[in-house]
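Encoded as structure tokens, the structure appears first; notes follow it.
The values are calculated or read from the model by the stated rules, or taken from the named source; none is laboratory data. Please read all numbers here as calculations on a predicted model, not as lab measurements. When we count neighbours, we look across all protein chains shown, and the Cβ atoms used for this are built from the backbone with ideal geometry, even at glycine.
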């Protein structure tokens, strides 16, 4: 088909409003958090996500991108280290690296890696092992789960800090930073590191126990059923047990029974099988299955599949949402530098109490994996909105309001988090549920202790805090040096990272952010770079691989949804008026577009930025036209589907 010109039409706005009543379809929400893995470390090579092929990777004043991490002194003739495959040597390393660790994950290291927003200090702050990553061959079960449903590629840990403060934020919306809603006068004690001894390290710092209100308390007051599912072996990851009100709650009370008891994961599996889970659940997994190094990804994969199977095989799957996340990056590097609040944002900036970094942002931190399993997120989507652990709270708030519950609103969250973190609702298409279940690679069963059954049996005997599995210990015993040599040298420094990424695509949901190659498609056609001269349309392909139809968006200022659109073929931009539809090499002549998400149908509208009714459209005509009715494509509503594509 002959390519057609891009047209501009004046039309009525197409509203991207969320229809909250659709949340009424959900009856059960399950929140399951694992440990200590970064997004790039697990999914940097996955097609269709913001990974190693990121066209918007930050380039610092020294001319180096964040992928090119400086090392000093130079090693093997180079002074940078790029991401490297942990199993590049093959052989026994494939098993050995399962129990390897990387760097540190505390407040000091995370702020040192952040380096005032340069994000170029991973090797100095955290060592060369932090740059290591896995691939699909190393994580087949993880990849299958993610690609069966929806992955979030702009979800981050909440704080530039370690496990405890991030999990505390996940369950309470706060770590009591001075100026935050839970500590407005700065006199209360905050928690920013893994410290859980009575009292404070110093005045106001890492004070235990915690006393502000947790999110489950709002659920209890509103009459929403909830439960924390855990065994005695819980890696001390249930942060509710760190709060005074749970510690002092009498036996038989709601806070004790639901938030600080040990029903066992088998009880969760039984309730899922019966379709009788409470309305909101938190899962706290056992230490050996939590994926925190040296605990192994393969054991975590087994637990994740067991939880996913319990949900998808449940008679209540058609009304259940499972959100799997990770608390923080665990010493593994990620390339997307945190987008922190403006200086002095209440509850989000503070004087570094360790006197290392001066006045610093608290967070958000580095990207960590998060994915959503449900009939309304099925299909291998990528969700591109910014999110963090606040997002799980915001989602439950939206769900509660849609179902008529009042008072489910965390007063502990800062206004900045509410304004800048996704409530996840746009990840769902309630009009088109898909109840099919994708195939998921079966992970081998974790190795039990001698004389223990070979399958997980639930509750452990009181006092057994190490669990019945020996996988990490066996791995460390079998492989005395599980960390392979770091491949410093020209082969690493000269690699083209985009070539490491799998080829393929993912359909996009949510308000757009930078970091991907995109196609804009409408009824079998796609916006196309025509001979480097103008933008038209041509037939899209099944795999969306035509480079002429591949575009990169760049934040244009103004609204967070305003972008310049650049061709991946020749790096030219769509030009501004009066030459709209032509291409220019000069960004000064580029047109800013407002790209708005429409949750109904997971589609997008494009209009000229700072206008109310000038929409980009395509038609069988070659002239521009104006209309006071919604833009249409040969008789149908003219909204675009967007795909995130990865091709070499």
message: Of the conditions (1) buried (at least 23 other Cβ atoms within 10 Å of the Cβ); (2) modelled with pLDDT of 95 or more; (3) within 29 Å of the chain's Cα centre (by Cα), residue 246 satisfies every one except a single condition; which number is it?
response: (3)
query: If you go through the range 209-223 one residue at a time, do you hit one that is touching a residue at least 40 places away in the same chain (Cβ under 8 Å), closer than 26 Å to residue 113 by Cα and part of a loop (DSSP other than H, G, I, E, B)?
result: no
- prompt: Looking at this structure, is residue 309 outside any loop (DSSP other than H, G, I, E, B) and surrounded by fewer than 19 Cβ atoms within 10 Å (Cβ to Cβ)?
  reply: yes
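Yes or no, residue by residue, for (1) without any contact (Cβ under 8 Å) to a residue 24 or more places away in the chain; (2) not in a loop (DSSP other than H, G, I, E, B):
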position: 227; (1), (2): no, yes
position: 231; (1), (2): no, no
position: 245; (1), (2): no, yes
position: 249; (1), (2): yes, no
position: 262; (1), (2): no, no
position: 267; (1), (2): no, yes
position: 270; (1), (2): yes, yes
position: 273; (1), (2): no, yes
position: 283; (1), (2): no, yes
message: Take the conditions more than 24 Å from residue 81 (Cα to Cα), in contact (Cβ under 8 Å) with a residue 12 or more places away in the chain and buried (at least 24 other Cβ atoms within 10 Å of the Cβ) and apply them to residue 165. Does it pass?
response: yes
Inter-residue pairs, beta-carbon under 6 Å, first assigned to a helix (DSSP H, G or I) and in the range 470-489, second surrounded by fewer than 17 Cβ atoms within 10 Å (Cβ to Cβ), 6+ apart: 472/294; 476/294
- prompt: Do the conditions hold for residue 466, that is, is it modelled with pLDDT of 95 or more, in contact with a helix residue (DSSP H, G or I) (Cβ under 9 Å, 6 or more places away or on another chain) and either farther than 30 Å from residue 267 by Cα or surrounded by fewer than 19 Cβ atoms within 10 Å (Cβ to Cβ) (or both)?
  reply: no
task: Being touching a strand residue (DSSP E or B) at 6+ places or on another chain (Cβ under 7 Å) and buried (at least 21 other Cβ atoms within 10 Å of the Cβ) is the filter here, so list the residues in the range 416-443 that pass it.
output: 421, 422, 424, 427
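Matching residues to (1) within 20 Å of residue 183 (Cα to Cα); (2) surrounded by fewer than 20 Cβ atoms within 10 Å (Cβ to Cβ):
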position	(1), (2)
196	yes, yes
204	yes, yes
225	no, yes
231	no, no
234	no, no
query: Exactly one of (1) at positive phi; (2) within 18 Å of the chain's Cα centre (by Cα) is unmet by residue 290. Its number?
result: (1)
- prompt: Quick one: would you say residue 311 is assigned by the TED database to the domain that holds residue 59, under 13 Å from the mean Cα position of the chain (by Cα), more than 30 Å from residue 178 (Cβ to Cβ) and touching a residue at least 24 places away in the same chain (Cβ under 8 Å)?
  reply: no
task: Give me a count of the residues in the range 312-358 that are buried (at least 21 other Cβ atoms within 10 Å of the Cβ) and outside any loop (DSSP other than H, G, I, E, B).
output: 8
The range 223-242, residues that are within 27 Å of the chain's Cα centre (by Cα) and modelled with pLDDT of 95 or more: 224, 225, 226, 227, 228, 229, 230, 238, 239, 240, 241, 242
- request: Please specify each residue of the range 568-582 satisfying the condition of being out of contact with any helix residue (DSSP H, G or I) (no Cβ under 8 Å at 6 or more places or on another chain) and either under 19 Å from residue 646 (Cβ atoms) or at pLDDT 95 or above (or both).
  value: 570, 571, 572
field: Spans of helices (runs of 4 or more DSSP H) in the range 83-151 with at least 2 residues under 20 Å from the mean Cα position of the chain (by Cα)
entry: 107-114, 140-148
